[in-house]
Structure formats: structure tokens, C-alpha cells
Amino acid sequence: MDVSAVRALTFDVFGTVVDWRTSIAREVDGFARSHGLGLDGHAFADAWRSLYQPSMEPVRTGARAWTRLDDLHRESLLTLLDRFAVTGIPEEEIDRLNRAWHRLDPWPDVVEGLTRLKKKFVIATLSNGNVALMVNMARRAGLPWDAILGAEVARAYKPQPRAYEAAAELLGLAPGECMMVAAHNADLHAAAASGFRTAFVARPTEYGPGQTRDLTVEPGIDLAAASFTELADRLGC
């Protein structure tokens, strides 16, 4: 693929850059131990993530005013605590557990791969995560972003076109000078519809050992790699 026009790489974060499931399960297990609860960390993490897309949909449709992901995550957390019959937790402890999304661990190849890619390209987030969440995650995990872009900056949640268009505009680039990197085919198809080039990086255990979706790249996506380091190889970094 001719990538000579590409000047910036924009990255999905949850699942592509960081292993949210393992990280959230660890945080939930610690929370459960400290409060004497019999929660299964992975089951709770899966249930929390299952509310992610539904929580954003009223914002996408305009039925609800702009609401940042931290607040949507907290609403979902309260729903789950009720569902799992967890009561009597102080508000500050609920807030701390909600901020577990700020403390997600990167996949093993990520920091090396981003560091290599940064030598040739501008690298930026293009995530549904809000700015504070992305900044705190990056500082903890050593993610060397040039810019934090995405839903909160654009006031639009992916896959709304505005999320992608705003990122290109803020970087001073045409969409065709940007490449979206993600482990999710749907995200990449939406970016391509806005004029971005696209790269699929497989994360076959994002949803655990029984994952059935996004195991392979779909037609219409420009290139595929098994890791960020392989992506760096493919892009000449």
C-alpha cells in the first residue's frame, strides 16, 4: 500500500491500545476483596463493557445532551452494582472504581510500537474516552501521544463522522493524510467513510478466550498487522 500521503496515525484506544478486560477485572477483584464481596472480576468487566455502546447511543441521537464517558461509565457502574446486589459502598469508593478506566494496562507491544511509529508520524488518540481519562491513562502507562483527540474534543461519539472529521481538522490535515488504527472493523469502516486510510491490528483476546468477532481483517481496510511493532515494520518505522 502506498502510504506516502499519510502524515498522522489516529488510534482507537479501548481494546486496541489497552487491555480493558484484564485491567478492569483486576480492579474489580481488588474492590471485591476490600469490601468482602463475591464478585467475579471478569464477569463484572464484561457486564460493564456491555453497557458502553448503549450508554452513548442517546447522546449520538441527540436524545441526550453531550455527556462525557466518565459520567456514562459511572451511571453504568451504578446500574451494575444494583444488578449484582452490591449496597452500602461509599461514594468515594464508587468514584475510585469508576476511575479504573483511567488505569488500564497497554498490550505488551504498544509502547515500543508507538515509540517507533512516532518517529515518522504524528500519533494521536481517536477514542470515545474523555480527555482526562486519556491523559491519566497515558501518563500511567507511558503512552507517547502527540495529541489527545476524539469524542470529547469533537462532541461526537464514534462512529459518528464528526468524530473522525474533527480529528483531521485539528491536526491540520486532510482525512486522506490520516490513518485510523483499530482492532475493530466497524470503527475502521466508519473512518474510511470519512476519507481516512485504515489499519487493522488484531486483538483476538480483547473479549476473553471465547472472542468471536474482529478476529481477522475485513475487506475494504487498507492493511492489517498482528501488533503495533508489526505495524511499524509495515509502515517503514
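The values are calculated or read from the model by the stated rules, or taken from the named source; none is laboratory data. Keep in mind that this is a model prediction, so the values were computed, not measured. Reconstructed Cβ throughout: ideal geometry from the backbone, glycine too, with neighbour counts over all protein chains shown. Surface accessibility is based on the protein's heavy atoms, side chains included, excluding ligands, DNA and RNA. Shrake-Rupley method; radii C 1.70, N 1.55, O 1.52, S 1.80 Å.
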note = Projected onto the charge dipole of segment 33-162 (unit charges on the beta-carbon of Lys, Arg, Asp and Glu, signs +1, +1, -1, -1), the Cα from ASN128, ALA100, ILE89 with the largest positive-side position is that of ASN128
inquiry  = Just want the answer: with Cβ charges of +1 for Lys and Arg and -1 for Asp and Glu, which residue in ALA151, LEU171, GLY38 is farthest toward the dipole's positive end in the chain?
reply    = LEU171
task = Note the listed values (1) 17.7, 58; (2) 22.5, 92; (3) 17.4, 54, then indicate which one is Rg and Dmax of the Cα atoms in Å calculated from this particular structure.
result = (1)
query = Which value, in debye to the nearest 20, gives the size of the charge dipole of the chain about its Cα centre, when Lys and Arg are +1 and Asp and Glu are -1 at the Cβ?
reply = 320 debye
Dipole magnitude of segment 1-86, debye to nearest 20 (Cβ charges: Lys/Arg +1, Asp/Glu -1, about Cα centre) = 140 debye
inquiry  = If the only charges are +1 at each Lys and Arg Cβ and -1 at each Asp and Glu Cβ, what is the size of the charge dipole of segment 83-122 around the Cα centre, to the nearest 20 debye?
reply    = 420 debye
Accessible area in square angstrom per residue, the chain, 1.4 angstrom probe = 42 Å²
query = Comparing ARG64, ARG140, ARG99, which has the greatest mean-square fluctuation in the GNM of the chain with Cα pairs linked when under 10 Å apart?
reply = ARG64
key: Expected 222 nm ellipticity per residue - DSSP helices of 4 or more, -39500 (n - 2.57), all of the chain, to 500   = -13500 deg cm²/dmol
inquiry  = Considering only protein heavy atoms and a probe of 1.4 Å, how much of the accessible area of segment 112-183 is carbon and sulfur, as a whole percent?
reply    = 52 percent
Signed unit charges on C-beta, dipole axis of the chain, positive-most listed residue MET180, VAL6, THR205 = VAL6
